[in-house]
Structure formats: C-alpha cells, structure tokens
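Asks: Take a look at the following structure, please.
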Amino acid sequence: QVQLLESGGGLVQPGGSLRFSCAASGNIFSIATMGWSRQAPGKQRELVATITSGGSTNSPDSVKGRFTISRDSAKNTMYLQMNSLKPEDTAVYYCNAAIVTGPAQYSTSYWGQGTQVTVSS
C-alpha cells in the first residue's frame, strides 16, 4: 500500500514561516505530479502548489512569491516552504501525489492526512 505522511504545520504569527514535508512510502514505482492543497473552514479546497516529476512548478497568485514547493525524488518527499504568512493562509493543508505502483500501470492519486496551519497573533 501507499501512504503519504505529512509533517510540519502549527501556529505561527503573521509574517512568520513554516515548512511542510510530505513523504511517500509503500509500493511505489514512480511518482508523477505532487502538490499541496488547503481547505479553510466553510470554504472549498483550493490548490496551493504543484510540482511535476521534472521539477516544473505552478501556484496561484495568492501564494506566488511567498510559498515554494520542492521535491527530493530520491526520497519520495515533497516540501512546502511558506513565508510571509497571513491570517488568510489559515487552513488544513493536504499533500497529494499521483503515484504509479508498477510498470505499465496508470497513476493513482493519494492524499496525506492533512495538517492544520493557524496564522494568528
């Protein structure tokens, strides 16, 4: 089986920084696109950042310049560095990965357990 284990998150003051990691483990043949999403109370889940297997990244304007996504393919791990945090960044953050479990197989989307980030003074 495949698991995504998130770590990081917590309470931070406005303007502060946090770093997430998301480690994939289990029966992994390869990992395609990975990404982070978040969901604030009463709001829909929104995409925060994605990174392809080739290292191409994408993120919405709301976090561009503040959040940086990266990955270590040798460790099957993805990171999210969040700087200049704002109260509106408060949400549960989820990691996601499209994982292939064998040759000639399609990828399956897996999700982490979610980690709370609270930005407040």
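Asks: Per residue of region 111-121, what does 6.51 cos²θ - 1.76 cosθ + 1.60 with θ = phi - 60° give for ³J(HN,Hα)? Whole Hz please, x for Gly and Pro, Karplus curve as stated.
Replies: The phi angles translate into 10, x, 7, x, 9, 7, 10, 10, 10, 7, 8 Hz.
Asks: State the percentage of accessible surface on the chain attributable to carbon and sulfur atoms; use a 1.4 Å probe and exclude ligands, DNA and RNA.
Replies: Numbers: 3130 of 6550 Å².
On the chain, the fraction of accessible area on carbon and sulfur atoms equals 48 percent.
Asks: For region 1-45, what number results from the quotient of the Cα radius of gyration and 2.2 N^0.38 Å? Mind showing how you got there, number by number?
Replies: On the way: Rg = 14.0 Å, N = 45, 2.2 N^0.38 = 9.3 Å.
Taking the Cα Rg and dividing by 2.2 N^0.38 Å, one obtains 1.49.
Asks: While we're looking at this one, here's another question. Mind listing the phi-derived Karplus ³J(HN,Hα) values for region 28-43, rounded to whole Hz, using 6.51, -1.76 and 1.60 with θ = phi - 60°, and x for any glycine or proline?
Replies: Karplus-based 3J(HN,Hα) across region 28-43 equals 10, 8, 7, 10, 8, 6, 10, x, 10, 10, 9, 9, 8, x, x, 10 Hz.
Asks: Per residue, what volume in Å³ does the convex hull of the Cα atoms of the chain enclose? Let's see the in-between values first.
Replies: Working: hull volume 11.6 nm³, N = 121.
That works out to 96 Å³ per residue.
Asks: Pull up all non-local amide H partners of R71: gap of 5 or more, or a different chain, and H-to-H distance under 5 Å with H placed in the peptide plane.
Replies: Correct list: Y79.
Asks: Want the number for S53 to A74: 0.36 nm per residue separation, take away the alpha-carbon distance, what's left? Present the calculation step by step, with values, prior to reporting the outcome.
Replies: On the way: separation 21, 0.36 × 21 = 7.56 nm, distance 1.13 nm.
Here the answer is 6.4 nm.
Asks: In addition: Sort out for me the Cα centre separation of region 78-100 from region 9-24, rounded to whole Å.
Replies: A separation of 8 Å, based on Cα centres.
Asks: Can you compute 3J(HN,Hα) from phi for each residue in region 66-73, using the Karplus curve 6.51 cos²θ - 1.76 cosθ + 1.60 with θ = phi - 60°, rounded to whole Hz and x for Gly and Pro?
Replies: For region 66-73, the Karplus curve yields 10, 9, 10, 9, 8, 8, 10, 5 Hz.
Asks: Also, I was wondering about something else. Keeping all protein chains in place and using 1.4 angstrom, which order do T115, T57 fall into by accessible surface area, from largest down? Each step should come with its number before you reach the end.
Replies: On the way: T115 20, T57 85 Å².
Result, largest first: T57, T115.
Asks: Can you give me the accessible area per residue for region 14-116, using a 1.4 Å probe, in Å²? Write out the running numbers ahead of the final one.
Replies: Values: 5400 Å² over 103 residues.
Ligands and nucleic acids excluded, the figure is 52 Å² per residue.
The values are calculated or read from the model by the stated rules, or taken from the named source; none is laboratory data. Predicted, not measured: the structure shown is a model, and the values here were computed from it. These accessible areas exclude ligands, DNA and RNA; they are computed on the full protein's heavy atoms, side chains included. Shrake-Rupley method; radii C 1.70, N 1.55, O 1.52, S 1.80 Å.
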